[in-house]
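One structure below.
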Amino acid sequence: MEAAILEEQPTTGIVKVNGRDYMPDARGNLVPVEAIKPADKLEDETVRKIIGYARDLSAQVGRFKQHTFDDLGDFEALLAQEYGAAKGGAKGNKTFMSFDGLMKVQVQVQDYIDFGPQLQIAKGLVDECLNEWSADSRPEIRAIVTRAFNTDKAGQINRAEIFMLLRLDIEDDRWRRAMDAIRDAMRVVGSKTYVRCYERHSIEENWQAVTIDLAKA
């Protein structure tokens with residue numbers, strides 16, 4: 001029996017076996033192209049066409065990002081050479097502006113924060129405060145606490161609401177100790193650098209973001 005000769009054509013999804021065209025289905029079975037419904041073939045072709053463009057665009061955005069960091073890095077190196085100091089703070093947040101004030105590039109570093117076991121201690125102290133306060137007092141604080149610790153879902157917390165708790169000015173000693181415990185529980189587990197571009201037609205106008213995000217284009 002003659003061995004089967006396979007030839008893959010990834011851009012079309014077609015696999016040739018002994019000169020005949022097949023397409024693998026989602027279960028890995030090879031289906032003769034002539035047995036596939038025209039609508040299914042058209043859908044496959046449409047998806048592959050879009051993904052092809054998406055891959056090219058993704059690669060272009062990746063090259064743009066790398067070139068942007070390289071260009072800004074070269075500029076900062078010149079600044080360091082001329083003035084003996086780098087632009088921006090230690091965390092890397094900085095803004096670069098065109099001479100006419102109509103274009104700017106912002107570099108922002110966002111930390112990813114997680115919470116350690118001290119958070120449970122904080123919750124216990126907060127619960128003590130809430131239990132002693134009358135049911136009708138400080139309802140807005142109760143609402144924030146409920147959202148912050150997300151008591152309906154075990155192990156999940158709302159970081160934005162946690163930070164809201166830290167901004168509340170409450171004199172209760174246990175509350176203050178709870179807030180100290182929250183601060184001690186915070187730990188940076190990673191960070192990501194973002195580049196955002198803005199422009200405007202005149203100094204009096206508001207900044208408009210140069211959109212690169214597909215969802216916002």
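Structure above, values below:
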read-out: Subset of the stretch 156-176 (residues that are surrounded by 14 or more Cβ atoms within 10 Å (Cβ to Cβ) and of a type outside the set (A, V, I, L, M, F, W, C)); value: Asn158, Glu161, Asp172, Arg174
read-out: Residue satisfying condition, being hydroxyl-bearing (Ser, Thr, Tyr) and open to solvent by less than 90 Å² (accessible area, probe 1.4 Å), within set Thr11, Thr68; value: Thr68
read-out: Residue within the stretch 176-186 that is aliphatic (A, V, I, L, M), modelled with pLDDT under 85 and under 30 Å from Lys94 (Cβ atoms) present; value: no
read-out: Any hit, the stretch 99-122, residues being more than 27 Å from the chain's Cα centre (by Cα), among the acidic types (Asp, Glu), outside any loop (DSSP other than H, G, I, E, B) and surrounded by 11 or more Cβ atoms within 10 Å (Cβ to Cβ); value: no
read-out: Qualifying residues in the stretch 190-217 (those that are open to solvent by 100 Å² or more (accessible area, probe 1.4 Å) and modelled with pLDDT of 85 or more) - the one nearest to Pro117 (Cα to Cα); value: Gln208
read-out: Hey, Ala80 at pLDDT 90 or above, part of a helix (DSSP H, G or I) and open to solvent by less than 70 Å² (accessible area, probe 1.4 Å) or not; value: no
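Residues are listed down the side, and each one gets a yes or a no for (1) among the aliphatic types (A, V, I, L, M); (2) surrounded by 12 or more Cβ atoms within 10 Å (Cβ to Cβ); (3) within 26 Å of the chain's Cα centre (by Cα):
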residue	(1), (2), (3)
Gly19	no, no, no
Met23	yes, yes, no
Val33	yes, yes, no
Asp44	no, yes, no
Lys49	no, no, no
Asp56	no, no, yes
Gly62	no, no, yes
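This table checks each residue for (1) of a type outside the set (D, E, K, R); (2) modelled with pLDDT of 90 or more.
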{"position": "Val31", "(1), (2)": "yes, yes"}
{"position": "Glu34", "(1), (2)": "no, yes"}
{"position": "Glu43", "(1), (2)": "no, yes"}
{"position": "Ala54", "(1), (2)": "yes, yes"}
{"position": "Leu57", "(1), (2)": "yes, yes"}
{"position": "Gln60", "(1), (2)": "yes, yes"}
{"position": "Phe64", "(1), (2)": "yes, yes"}
{"position": "Asp74", "(1), (2)": "no, no"}
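Rundown of residues vs (1) part of a strand (DSSP E or B); (2) free of Cβ contacts under 8 Å to residues at least 12 places away in the same chain, yes/no style:
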site: Val31; (1), (2): yes, yes
site: Tyr53; (1), (2): no, yes
site: Asp56; (1), (2): no, yes
site: Lys65; (1), (2): no, no
site: Phe75; (1), (2): no, no
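The values are calculated or read from the model by the stated rules, or taken from the named source; none is laboratory data. These figures come from a predicted structure and were not determined experimentally. Note that each Cβ is placed from the backbone with ideal geometry, even for glycine, and that neighbours are counted across all protein chains shown. Protein only, heavy atoms only, side chains kept; ligands, DNA and RNA dropped before computing areas. Shrake-Rupley method; radii C 1.70, N 1.55, O 1.52, S 1.80 Å.
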